[in-house]
1. For region 8-46, enumerate the residues that are in a helix (DSSP H, G or I), among the small types (Gly, Ala, Ser) and at pLDDT below 90.
2. What pairs can you find where one residue is in region 5-28 and farther than 11 Å from residue 79 by Cβ, the other is open to solvent by 20 Å² or more (accessible area, probe 1.4 Å) and outside any helix (DSSP H, G or I), and their Cβ atoms are less than 6 Å apart, with a gap of 6+ or different chains?
3. Please pick out the residue among 68, 56, 5, 62 that is at pLDDT 95 or above, within 22 Å of residue 85 (Cβ to Cβ) and surrounded by 12 or more Cβ atoms within 10 Å (Cβ to Cβ).
4. Can you name every residue in region 144-175 that is in contact (Cβ under 8 Å) with a residue 40 or more places away in the chain and of a type in the set (A, V, I, L, M, F, W, C)?
5. Give region 80-102 a look and list any residue that's polar (S, T, N, Q) and either over 18 Å from residue 152 (Cβ atoms) or outside any helix (DSSP H, G or I) (or both), or say none.
6. Just need a number here: residues in region 129-175 that are at pLDDT below 90, open to solvent by 20 Å² or more (accessible area, probe 1.4 Å) and either part of a loop (DSSP other than H, G, I, E, B) or aromatic (Phe, Trp, Tyr) (or both).
Amino acid sequence: MTGTALVLLLLTVVAPVLWLGVEHWMRGRARDGLAVPRSAAIIHTIGLIVLLGLAAATAVVAATAGPAAGFAAAAAPVIAAIAAITGGGPVVRAVLQLGGVRAGPTPPHDPDADDTDTDTDTTETEPSDPTEVGPLRGGRVIGYLERLAVVTTLMAGWPEGLAIILAVKSLARYPELRAPQASEQFIMGTFASVLWAIGLAGIEHLITT
């Protein structure tokens, strides 16, 4: 059963990569003038359901299995941390899309600032997904670091570190939160990102204890 939980956890790592691949393929077809679904909401909804389903199945299997030992016990924290990092971006985008968050006017392209708080690549000046460009900048790397810090802090048994992580992010973003729709994007994106990382830390705990 522990092996099954690890396999499901690995699938939770792979699923976001496939999800992103489908999104990039759709954008490529749209740029080429080929027919694609008008809204990304369907893809986001399906991807979110699959990803949450895999995480839930992993948690159920891990809860019914005995504690992992040996290689499985050593691998579980690493796989859980990777899943927290890779899955958070798609989860954030899906939550923002389903929550109706829309970006303001697309700013001129800046090659040194291609990321937003929705964890997407914004190298296009006219993105097909309205949540790709928002008032908050640099969010992809911030999201990776945030989820890594959250999952590592919890797996290390220091939940108080969550307060420090969120405080640092909030203070750093405070000057930008007055931009249109920035505060709702910040709250929804941060909650989705942190909750996903907390969930993966919980799954790691179920596997190893």
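1. Selection gives 21, 28, 30, 41.
2. Sorted first by the residue in region 5-28, then by its partner, the pairs are 26/36; 27/128.
3. The conditions single out 56.
4. 148, 150, 151, 154, 155
5. Across region 80-102, the qualifying residue is only 97.
6. Qualifying residue count for the region: 4.
The values are calculated or read from the model by the stated rules, or taken from the named source; none is laboratory data. Note that the coordinates shown come from a computational prediction; the quantities given were computed from them, not determined experimentally. A quick note on method: Cβ atoms are made from the backbone with ideal geometry, for glycine too, and the neighbour counts reach across all protein chains shown. Remember, those area values only see protein heavy atoms, side chains included, never the ligands or the DNA or RNA. Shrake-Rupley method; radii C 1.70, N 1.55, O 1.52, S 1.80 Å.
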